[in-house]
Amino acid sequence: MPLVCPHCRGVLSPADRTYRCPQGHSFDLAKEGYLSLLHGRQKGAGRGDTRDMILARDRVHRAGVFDPLVAALAALPLAAPRARLLELGCGEGFFLGHVGRSHQYATSYGLDLSVDAVKLAARTLKTARILRADLLHPLPFADGSLDLVQSIFAPRPLTEITRVLRPGGQALFVYPQAHHWGELRAFLPLAGIGDDKLPAADLGGFVRAASLEVRESRELPHALLVDLVAMSPSIHRLTRDGTDWPGLLPARLTATLSVHVALFTKP
Ligand SMILES: C[S@@+](CC[C@H](N)C(=O)[O-])C[C@H]1O[C@@H](n2cnc3c(N)ncnc32)[C@H](O)[C@@H]1O
């Protein structure tokens, strides 16, 4: 069992619907099937994405808007053995499910801070283990216990990722390029995206195993344009401003998915 107690780092063992460490700290499985490892002051801290953001992202995923990325992830040269996969900031679990299935990981773990994200992920991905935890704190996994850690449009705690990967294990990152859904900016003042390069040097000693751009333009209807905005961090400011922002979007628009995929192997 690679899960460790967030209080004392002791190994967590499952017994019925409770996980316990040797020192007696215990964590109950929620009725929705996720395990919350938030404790003490963490419980009152950040909340992650809102329910509306999660539901908008779910609709976008179900509509196939990110299918070119799904295909690119399925073709990656992921290292064997493929026992344990962890997604950081897994949201409702769309990419966790796809990578786990296409590369046949024996066990998939998804971690997110948002309660609505982990509820939906646990409901959708029956065989995955879904955890509620905060990436600002150490990961609840033992050293060297994971084969792949992926972060897709989510935080990347590099020191912790390095710690929990086994030698030969891999880190997979997907992040937006500056032009990602750029056409929407002609209609709305969306938050800017820096061209996010992740030098291998940031992952001391890791070797780059794959590096590719996924870019595809397609025409999207108004409802999906609204959802693309509603699932993004820009939604917080647009809502605060009280603008009728959906009314500013066109009935249809050709918009461009533009992301970078980077895979690194731990020596
Ligand atoms: C842009 S979403 C990406 C979700 C998913 N990877 C996907 O691409 O569909 C970022 C996710 O990271 C989560 N997140 C943000 N900060 C976090 C933190 N400190 N700890 C855990 N999760 C966090 C959010 O709740 C959200 O679900």
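The values are calculated or read from the model by the stated rules, or taken from the named source; none is laboratory data. Note that the structure is a prediction, hence the values are computed from the model and not measured. Don't worry about glycine lacking a Cβ; one is built from the backbone with ideal geometry, like all the others, and counts go over all protein chains shown. Surface accessibility is based on the protein's heavy atoms, side chains included, excluding ligands, DNA and RNA. Shrake-Rupley method; radii C 1.70, N 1.55, O 1.52, S 1.80 Å.
Only residues that are surrounded by fewer than 22 Cβ atoms within 10 Å (Cβ to Cβ) and within 13 Å of the ligand (Cβ to nearest atom) were counted across the stretch 80-93, and they come to 1.
Evaluated against (1) more than 12 Å from the ligand (Cβ to nearest atom); (2) touching a helix residue (DSSP H, G or I) at 6+ places or on another chain (Cβ under 7 Å), residue 73 falls short on exactly one condition, (1). Do you know which residues across the stretch 103-120 are within 13 Å of the ligand (Cβ to nearest atom) and part of a loop (DSSP other than H, G, I, E, B)? Result: 113, 114.
When you check residue 141 against the structure, is it in contact with a Pro (Cβ under 7 Å, 6 or more places away or on another chain) and at pLDDT 95 or above, yes or no? Criteria met by residue 141. Given the criteria within 26 Å of the chain's Cα centre (by Cα) and under 21 Å from residue 179 (Cα atoms), does residue 238 qualify? It is true that residue 238 is within 26 Å of the chain's Cα centre (by Cα) and under 21 Å from residue 179 (Cα atoms). Of the residues 22, 6, the single one that is open to solvent by 20 Å² or more (accessible area, probe 1.4 Å), assigned to a loop (DSSP other than H, G, I, E, B), within 14 Å of the ligand (Cβ to nearest atom) and not acidic (Asp, Glu) is 6.
Based on this model, can you work out whether residue 136 counts as open to solvent by 60 Å² or more (accessible area, probe 1.4 Å) and near the ligand (Cβ under 8 Å from one of its atoms)?
Values: open to solvent by 60 Å² or more (accessible area, probe 1.4 Å): yes; near the ligand (Cβ under 8 Å from one of its atoms): yes.
So residue 136 passes the test.
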